[in-house]
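Okay, so here's the structure we're looking at.
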Amino acid sequence: VAHTNYRAYAREHPQLPLVKDQLLRIFSGLAFRAHCDVIVQLSATLHDSGAPEDISRVCNVHGVRDSFLDIGRKVGGVSASDVYGAGAGEGVGVAQMEAQMEAQKEAQKEAQMEWRPEFYFLGKKLWSKGYRELLSLLDSPEARKAQADGSMPTLHFHGSGPDETAIVAEAKRTGVDVSHFPAIDHANDALREYPVFVNPSTSDVLCTATAEAVAMGKMVLIIEHPSNEFFYQFNNCHTFKDAKGFVLKMKELSTAAPAPLTEEELHILSWEAATDRLAESIATPAGRRATNEFRSMLAHEIQSQIFSGELGNLCRDLSLDLPLEQLDDRTIGEWIEAVTDDLEENWQTVAYSLQKPQLALSLSAATAATAARPSTGARR
């Protein structure tokens, strides 16, 4: 089951992002082919993950824990404050956030500002989790105009993480209307008064926080993207394509009420339904494997033989945070020479182990030709 978009994170890495991206695709493809009969991708976001198309399925096989579904059943379309009361609960972080929210309300009253609806986003404080997209949307001309005339709901960020300082600084620099709060469990009572969960992220395969918000009976505002297609079936799901659509939806939802969750929707979100979907997605005809036997064996041999030598060391170095200044011409030249030697030996081992001596001879000739190239050309 593939549920993390590692290639998206690799493309944002400060060192050799394109190299890391391609290595991940190759590594993943070999691992998929060597060890899997069926690949279940939680969404179509992973279409370029390296997973072989002939054994890949797209299906959300994740569910939501019962505590979120119980909240959704209780809310039943009534505003959360009517059900739970303002500031209900004694969960971690409740008192701190209530005090901060009340202080903000008092400050707005003193400044004679109109109190506006509050929407929220919850996620680890990493740029890749959607904070960059959110700040960009809030800094758009359309959002600036709506904030100026008071028609734009204010947004609260809940989360902690390595990029927290940078995210707070960028929000302050642009002057967008957001408030920051520490990480908190999504089922905590302190979050139940929020009517709308906002998530513009495209790096997730399928966002767990969005599923939890839907399960709790909240409205969700998400970007139109393959990672969000599962949520389109729910009545409380609202989408946007660009900054203009984002602002229009924010205004629209500020006066809307969530629709009650139907029993069918609650069932779709449950782990029981997710387990049924998993069983259906991996089913293959009796007596037949889903994957190709020879290609699986070949991928397994390539992975085990080549990655154990210098090529494996090279790939690990490039995949980790190797300082770029260590990649001088001498080091690269030594790597290429060692990798070429490894390739010639290991390709033959792979082919002979599969009882394909003609393949071994062809691969041996190919690697010999590669080794005969001028070193400057190889380095290029």
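The values are calculated or read from the model by the stated rules, or taken from the named source; none is laboratory data. Please read these numbers as outputs of a predicted model, since none were measured by experiment. Here Cβ is always computed from backbone atoms with ideal geometry, including for glycine, and neighbour counts include all displayed protein chains. Note: accessible area is taken over every heavy atom of the protein model, side chains too, but ligands, DNA and RNA are not part of it. Shrake-Rupley method; radii C 1.70, N 1.55, O 1.52, S 1.80 Å.
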Computed from the beta carbon distance with a Förster radius of 22 Å, FRET efficiency for T275 and R65 to the nearest 0.05 stands at 0.95
Set the Förster distance to 22 Å, then compute FRET efficiency between I282 and K124 from the Cβ-Cβ distance, nearest 0.05.
-> 0.15
Region 202-208 - phi-based ³J(HN,Hα) in whole Hz, Karplus 6.51/-1.76/1.60, Gly and Pro as x | 10, 8, 6, 6, 7, 6, 5
In nm, to one decimal, how far is the T165 label point from the A148 one, both placed 7 Å along Cα→Cβ?
-> 3.5 nm
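Sorted by accessible area with a 1.4 angstrom probe, largest first, how do L69, L30, L248, L18 fall? Mind dumping the intermediate values first?
Numbers: L69 5, L30 30, L248 100, L18 130 Å².
Descending accessible area places them as L18, L248, L30, L69.
With a Förster radius of 22 Å, plug the Cβ-Cβ distance of V1 and Q22 into 1/(1 + (r/R0)^6) and report the FRET value to the nearest 0.05.
On the way: r = 23 Å, r/R0 = 1.06.
The pair V1/Q22 has a calculated efficiency of 0.40.
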Keeping all protein chains in position, work out how much accessible area M216 exposes to a 1.4 Å probe, and write it in Å² to the nearest 10.
-> 10 Å²
Going 7 Å from the Cα of I302 toward and past its Cβ, which residues in region 1-37 have a backbone nitrogen under 18 Å from where you end up?
-> 20-37
Determine the principal axes of the Cα atoms in region 13-65, then give the extent along each, sorted from largest to smallest and rounded to whole angstroms.
-> 36, 28, 16
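Longer than 24 Å from Cα to Cα, which of K145/K172; K129/K172; K74/K125; K74/K249; K74/K251 are they? Say none if no pair is. Display every interim value, and only then the final one.
On the way: K145/K172 18 Å; K129/K172 19 Å; K74/K125 30 Å; K74/K249 26 Å; K74/K251 26 Å.
From K145/K172; K129/K172; K74/K125; K74/K249; K74/K251, over 24 Å: K74/K125; K74/K249; K74/K251.
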